[in-house]
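Bear in mind these aren't lab numbers, they're just calculated from the coordinates by the rules spelled out. Predicted model only: the values in this text are computed from it and were never measured. Cβ placement follows ideal geometry from the backbone for every residue including glycine, while neighbour counts extend to all protein chains displayed.
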Amino acid sequence: MKGVRLPVEPPPSQFRLPDPRTAGPDDVVAVGGDLAPGTILMGYRMGMFPMHLADGELGWWSPVERGVIPAGRLQISRSLRRSLRRFHISFDLDPEGVIDGCADPTRPHGWITREIKEAYMELSRLGWLHSVEAWTDDGNLAGGLYGVSIGALFAGESMFSRERDASKVALVHLVGQLSRAERYLLDVQWVTPHLATLGAIAMSRDAYLARLPEALAEASPWDPPSSV
């Protein structure tokens with residue numbers, strides 16, 4: 001388990017991003033910029049996240065319908081409840097392993113490039129990125145997830161499983177950690193069929209942006225970090 005440390009604020013971005021409230025009916029609200037820590041954090045604080053477009057350009061996304069898992073809405077099925085006993089959970093123990101698992105090139109619709117990995121590992125070193133790892137009894141990384149935390153916002157980036165339910169178990173423990181904050185906001189970007197089974201719902205862009213400042217202003221649930 002890592003020691004307690006506060007996130008380090010990086011130098012401000014040299015770029016300006018548009019206010020998503022003024023954007024049109026597309027999920028992509030800006031193109032360009034860079035993946036410097038200050039730029040990425042500025043994006044999250046404004047309600048955006050970076051992801052490359054099909055042509056390789058860096059896009060800044062603020063989905064018209066934002067996926068979130070509301071506090072108290074995580075759905076734990078009977079089979080998932082049984083799986084909770086199958087894995088050992090850690091926090092922030094192997095963020096690089098988790099990102100590599102999420103970036104596996106054999107996964108369909110992969111989007112995590114080397115540039116993305118390097119940028120988010122820098123956020124990890126600065127204390128802004130958190131990972132949740134699920135381990136087997138013999139010490140193999142079975143799955144996990146990672147995301148960026150600012151205040152009581154957790155912006156989930158990706159999750160993966162090498163064994164059944166491993167990422168779901170990591171999500172259950174993530175929600176347990178976030179629940180230390182009174183009004184956390186768990187952002188999952190879009191509602192997929194997989195996330196819908198876990199309680200994810202769609203929130204309009206305007207509703208998300210209205211909720212965001214409250215979450216950013218709340219104390220972080222990651223102080224101190226914990227492990228199970």
> Of all DSSP beta bridges in segment 136-228, what percent run antiparallel (nearest 5)?
Replying inline: 75
> Could you give the length gained on full extension between Asp19 and Ile201, defined as 0.36 nm per residue of separation minus the Cα-Cα distance, in nm?
Replying inline: 63.2 nm
> Each residue of segment 198-203 in turn: what ³J(HN,Hα) in whole Hz from Karplus with 6.51, -1.76, 1.60 and θ = phi - 60°, glycine and Pro shown as x?
Replying inline: 9, x, 5, 10, 8, 10
> Taking θ as phi - 60°, what are the ³J(HN,Hα) couplings along segment 173-178 by the Karplus curve (6.51, -1.76, 1.60), each to the nearest whole Hz, with x for Gly and Pro?
Replying inline: 6, 4, 4, x, 5, 5
>> Please report Rg (one decimal) and Dmax (integer) in Å for the Cα set of segment 1-129.
In response: 17.1, 49
> Shape of segment 86-155 from its Cα gyration tensor (a ≥ b ≥ c, root eigenvalues): rounded if a/c is under 1.5, otherwise prolate when a/b > b/c, or oblate?
Replying inline: oblate
>> From the mean inverse distance of alpha carbon pairs (Kirkwood) and the Cα radius of gyration, derive Rg over Rh for segment 20-63.
In response: 0.94
> For the pair Val64 and Ser179, how long in nm is the line joining their label points, each one 7 Å along Cα→Cβ?
Replying inline: 3.6
> When Rg is the radius of gyration of the Cα atoms in the chain and Rh is its Kirkwood radius, what does Rg/Rh come to?
Replying inline: 0.94
> Which of Leu129, Ala36, Ala181 sits farthest toward the positive end of the charge dipole of the chain, with +1 on the Cβ of Lys and Arg and -1 on the Cβ of Asp and Glu?
Replying inline: Ala181
> If you add up the charges near Leu198, with Lys and Arg at +1 and Asp and Glu at -1, over every other residue whose beta carbon is less than 10 angstrom from its beta carbon, what do you get?
Replying inline: +2
>> Can you give the log10 of the normalised intensity I(q)/I(0) at q = 0.21 Å⁻¹, computed with Debye over equal Cα scatterers of segment 97-228?
In response: -1.46
>> Test of understanding: in a Gaussian network model of the chain with alpha carbons linked when under 10 Å, which of Asp26, Asp92, Asp34 would top the mean-square fluctuation ranking?
In response: Asp26
> Which value at 222 nm does the chain reach when only helices count, each DSSP H run of 4 or more adding -39,500 (n - 2.57), with the total divided by all residues and rounded to the nearest 500 deg cm²/dmol?
Replying inline: -8500 deg cm²/dmol
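Can you tally the net charge around Ile76? Count Lys and Arg as +1, Asp and Glu as -1, for every other residue whose Cβ sits under 12 Å from the Cβ of Ile76.
With Lys, Arg at +1 and Asp, Glu at -1, the net is +4.
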